[in-house]
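Colleague: One structure, as structure tokens, below. Some questions next.
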Amino acid sequence: MRAVLRSFLRPIFIGGIVLRHGLDGLLLDSLRRPALTKLARVLTLGRRFNGSRGQRLREALEQLGPIFVKFGQMLSTRRDLLPPDVADELARLQDNVPPFSSAESARLVEKALGRPLSAVFQQFDADPIASASIAQVHFAVLHDGREVAVKVLRPGMLDVIDDDLAIMRTLAGWVERLWADGKRLKPREVVAEFDKYLHDELDLVREAANAAQLRRNMAGLDLVLVPEMIWDFCTPTVMVMERMKGVPISQLQRLRDAGVDIRKLARDGVTIFFTQVFRDGFFHADMHPGNIQVSLDPLSFGRYIALDFGIIGTLTEVDKDYLAQNFIAFFHRDYKRVAELHIESGWVPANTRVDELEGAIRTVCEPYFDRPLKEISLGQVLLRLFQISRRFNVEIQPQLVLLQKTLLNVEGLGRQLDPDLDLWSTAKPFLERWMHEQIGWRGMLGRLKREAPRYAKLLPELPRLLHHQLAHGDRALRQDLQAILQEQRRTNRTLSAALWLGLGFALGLLVARLVLTLHSQGAL
């Protein structure tokens, strides 16, 4: 009964927030249809609103709760969907959520682990060290003396998320049907991606597995630390991990006072990002300053500390190869190759003129080269690219939304650490080396090495499989071959008949000519 009541009241509550902030008029105006624009004017008649449209949207999302706040944060990176002023305002959304009670947190931990807190922890701090929309974190000490962090999922989150996502899917369907750019921008697929990442965040075992994979991937890089998971105490609602001690990366003066090389830190951040994306295809997709610290421990001084692994991005080999080629073409200012890659990938229609797309991309990108990072805004570059995407009917790829979001996070982090960092020149050698490893001898040897176990199994069986196929080939194949042979025989007979007929005709002409010649000479 409670679920039915909640599903009934939630849309009413959302509708009240929409009307209070005038979002209904904003939506109808954006659809650019005369009838809907007139309807928007009627609906907003006599209503007064304070603040810009972006501010009203941001405040409405904050009032609607943490799920809508997260959705607004994701939308702030989709500047293909929103005007610049709205996207800038949504980028200000902060995910600061009041913690739930310490008693409730302790009860949830005991329920998840199936034993009292005292049986697991020597010490458990009642006050959380951090609180977000999905979970909150407490420090604790295990009985063996290890210091740990305990992440506890907020109670009742799954029902709230499912209800709100159902409403978002409905709204996305309306946008796709009513908005001229709706189908190209795939709003339902964007909501589906958001659905996937949110539900991934609700499973803390999945987050722990993400952290373990990232820890293995980064083990040899010596640039970033990832906490070890305490698997005996990890459940879908509670995760216990090694406690990491570092300084938040936003506290630059404290890092400088400790002797950290801030410029190197900026370069290392770019290296970590491109390594995760192009080498591993598995990257931390929530790299805002709240999730990044810097170690001051003598054994790991100056290394990054990564936290919060609920949102992880993945790329296929095709995605990695396509993106790497695009980046390298950009770095070499080969805009024709960029245009060709867009057409080859199917992102733009096959009949698009390469020279026109090349010119548009050049116009966007050329002004930004040879500048320090403080003078470059990747957000503005992306915005300009999205503006030309409408002209060329570029299809937005939802699977790359997280990569775009992370790239903007890296830009913001680099700008904070070293405004003079040249992102292009820092990334270019790395990408060129990666491409060489993929398409050169080293890449070929690497692929052979990966496939060696499979080859080792198949090669000894190959003679037997070949003999079996020759001796007991597929019946349909034999029938097809028999039909081909029969058709060939018929063709041969027809050709033979035609050949003999032609020879007979030629021989007849020759005999007739001989007879006529002899007759004319009086021999007959």
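Colleague: Between 212, 258, 208, 219, which is modelled with pLDDT of 90 or more and touching a Cys at 6+ places or on another chain (Cβ under 7 Å)? Before you say what the answer is, go through the steps one by one.
Modeller: Numbers: 212 fails: touching a Cys at 6+ places or on another chain (Cβ under 7 Å); 258 fails: touching a Cys at 6+ places or on another chain (Cβ under 7 Å); 219 fails: touching a Cys at 6+ places or on another chain (Cβ under 7 Å).
Just a single option satisfies the conditions, and that option is 208.
Colleague: If residue 326 passes every condition in (1) part of a loop (DSSP other than H, G, I, E, B); (2) more than 28 Å from residue 201 (Cβ to Cβ) but one, which one does it miss?
Modeller: (1)
Colleague: Okay, moving on. Give 177, 169 a once-over and let me know the one that is within 30 Å of residue 11 (Cβ to Cβ), among the charged types (D, E, K, R) and either in contact with a helix residue (DSSP H, G or I) (Cβ under 6 Å, 6 or more places away or on another chain) or touching a residue at least 24 places away in the same chain (Cβ under 8 Å) (or both).
Modeller: Working: 177 fails: either in contact with a helix residue (DSSP H, G or I) (Cβ under 6 Å, 6 or more places away or on another chain) or touching a residue at least 24 places away in the same chain (Cβ under 8 Å) (or both).
Among 177, 169, only 169 is within 30 Å of residue 11 (Cβ to Cβ), among the charged types (D, E, K, R) and either in contact with a helix residue (DSSP H, G or I) (Cβ under 6 Å, 6 or more places away or on another chain) or touching a residue at least 24 places away in the same chain (Cβ under 8 Å) (or both).
Colleague: Residue 349: in a helix (DSSP H, G or I), open to solvent by less than 70 Å² (accessible area, probe 1.4 Å) and either over 26 Å from residue 420 (Cβ atoms) or modelled with pLDDT under 85 (or both), yes or no?
Modeller: Details: in a helix (DSSP H, G or I): no; open to solvent by less than 70 Å² (accessible area, probe 1.4 Å): yes; either over 26 Å from residue 420 (Cβ atoms) or modelled with pLDDT under 85 (or both): yes.
The answer is no for residue 349.
Colleague: Given (1) open to solvent by 30 Å² or more (accessible area, probe 1.4 Å); (2) at pLDDT 70 or above, where does residue 97 come up short, assuming only one miss?
Modeller: (2)
Each row is one residue, and each column tells you yes or no for (1) within 22 Å of residue 329 (Cα to Cα); (2) at pLDDT below 75; (3) exposed (fewer than 14 other Cβ atoms within 10 Å of the Cβ).
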| residue | (1), (2), (3) |
| --- | --- |
| 413 | no, no, no |
| 420 | no, no, yes |
| 435 | yes, yes, no |
| 445 | no, yes, yes |
| 452 | no, yes, yes |
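Colleague: Tally the residues that are assigned to a strand (DSSP E or B) and surrounded by fewer than 18 Cβ atoms within 10 Å (Cβ to Cβ), restricting the search to segment 302-323. Can you show your working first?
Modeller: At the first step, the residues of segment 302-323 found to be assigned to a strand (DSSP E or B) are 304-306, 312-314.
Then drop every residue that is not surrounded by fewer than 18 Cβ atoms within 10 Å (Cβ to Cβ), which leaves 314.
Residues that pass the stated criteria total 1.
Colleague: Can you find, within segment 100-139, the residue that is most open to solvent (accessible area, probe 1.4 Å) among those that are in contact with a Leu (Cβ under 8 Å, 6 or more places away or on another chain) and not aliphatic (A, V, I, L, M)? Don't jump to the end; show me each part of the working.
Modeller: As a first pass, look at segment 100-139 and keep what is in contact with a Leu (Cβ under 8 Å, 6 or more places away or on another chain): 106, 108-110, 120-122, 124, 134-135.
Narrowing further to those that are not aliphatic (A, V, I, L, M): 110, 121-122, 124.
Numbers: 110: 72, 121: 9, 122: 118, 124: 47 Å².
Among those residues, the one meeting the criterion is 122.
Colleague: While we're on this one: When the residues of segment 169-180 are filtered to those that are over 20 Å from the mean Cα position of the chain (by Cα) and buried (at least 17 other Cβ atoms within 10 Å of the Cβ), which remaining residue is modelled with the highest pLDDT?
Modeller: Ranking the qualifying residues of segment 169-180, first place goes to 176.
Colleague: Can you list the helices (runs of 4 or more DSSP H) found entirely within segment 130-243 that contain at least 2 residues being of a type in the set (Gly, Ala, Ser)? Don't jump to the end; show me each part of the working.
Modeller: On the way: elements: 157-178, 182-185, 187-201, 204-218.
Fully inside segment 130-243 and qualifying: 157-178, 204-218.
Colleague: Would you check if residue 240 is open to solvent by less than 20 Å² (accessible area, probe 1.4 Å), within 19 Å of residue 136 (Cβ to Cβ) and of a type outside the set (Gly, Ala, Ser)? Full working, then the answer.
Modeller: On the way: open to solvent by less than 20 Å² (accessible area, probe 1.4 Å): yes; within 19 Å of residue 136 (Cβ to Cβ): yes; of a type outside the set (Gly, Ala, Ser): yes.
Yes: the conditions hold for residue 240.
Colleague: Report every pair of residues separated by at least 6 positions or lying on different chains whose Cβ atoms are under 9 Å apart, first residue within segment 410-436 and closer than 19 Å to residue 284 by Cβ and assigned to a loop (DSSP other than H, G, I, E, B), second of a type in the set (Ser, Thr, Tyr) and open to solvent by 60 Å² or more (accessible area, probe 1.4 Å).
Modeller: Correct list of pairs: empty, since none qualify.
The values are calculated or read from the model by the stated rules, or taken from the named source; none is laboratory data. Because the structure is a prediction, the values reported are computed rather than measured. Because the Cβ atoms are built from the backbone with ideal geometry, glycine has one as well, and the counts that use them run over all protein chains shown. Remember, those area values only see protein heavy atoms, side chains included, never the ligands or the DNA or RNA. Shrake-Rupley method; radii C 1.70, N 1.55, O 1.52, S 1.80 Å.
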